[in-house]
Amino acid sequence: MAHVDDGGGKKSTNVDVNIVPFIDLMSVLIIFLLISAVWTQVSMIQIGSSVYGQKTSDEKPKPPPKADIPFRLDVRENGYRILLGKDFIPVPRVNQDFDNDTLLTELKKIKELYPEKVDAIVTMADELAYKHLIDAMDMLLLAEFPEVSIATGGAK
């Protein structure tokens, strides 16, 4: 506790200043500063050399390499659905079970077409058991897609 003394006189005045709320406020402000400082770096946009709208070259834009083609595996109630670019490859259920063998065959075909592709996104319907998501991720790993991401809302 801080102590204030007026220094003399007939009646001395002693005042105790409670600085605990001030310390609490400062600790909250420091935490807020640390948390918000991270997001300032994420929101920066790299503009590059075209700051003034000047074109850097007259070359036509090149199409993305084959590794940049969107590749997603949806785990749905009626089976798997593979999205490759704009094409859908359905892998329906067989006898009420997910057909992992056919899925693995299709994934290996995709790996042969795009050998430099290493990433995939998996989505799953909310109604399904977690085991089906794990099976889909295992099939992607067996087909040599090591960078597996999980997204929400795509398997409806």
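The values are calculated or read from the model by the stated rules, or taken from the named source; none is laboratory data. A quick note: this is a predicted structure, and the numbers were derived from the prediction, not measured. Here Cβ is always computed from backbone atoms with ideal geometry, including for glycine, and neighbour counts include all displayed protein chains.
For this structure, a couple of remarks:
Results for (1) β-branched (Val, Ile, Thr); (2) in contact with a strand residue (DSSP E or B) (Cβ under 8 Å, 6 or more places away or on another chain); (3) at positive phi, shown as yes or no for each residue.
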site: LEU83; (1), (2), (3): no, yes, no
site: ASP99; (1), (2), (3): no, yes, no
site: GLU106; (1), (2), (3): no, yes, no
site: GLU112; (1), (2), (3): no, no, no
site: ILE121; (1), (2), (3): yes, yes, no
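- Condition check for TYR80: at pLDDT below 85 and of a type in the set (Phe, Trp, Tyr): no
- Checked against the criterion of being of a type in the set (A, V, I, L, M, F, W, C), out of contact with any Asp or Glu (no Cβ under 8 Å at 6 or more places or on another chain) and in a helix (DSSP H, G or I), the candidates ILE121, ILE134 yield just one match: ILE134.
- Hits in the stretch 85-109 - residues which are in a loop (DSSP other than H, G, I, E, B) and among the charged types (D, E, K, R): LYS86, ARG93, ASP99
- Identity of the residue in the stretch 2-49, of a type in the set (Gly, Ala, Ser) and in a loop (DSSP other than H, G, I, E, B), that ends up modelled with the highest pLDDT: SER12
- Positions within the stretch 71-85 being within 22 Å of the chain's Cα centre (by Cα) and without any contact (Cβ under 8 Å) to a residue 40 or more places away in the chain, in sequence order: ILE82, LEU83, LEU84, GLY85
- For ALA125: the one exception among (1) at pLDDT below 85; (2) loosely packed, with under 11 Cβ neighbours inside 10 Å: (2)
- Subset of the stretch 112-133 (residues that are touching a Lys or Arg at 6+ places or on another chain (Cβ under 7 Å) and of a type in the set (Lys, Arg)): LYS117
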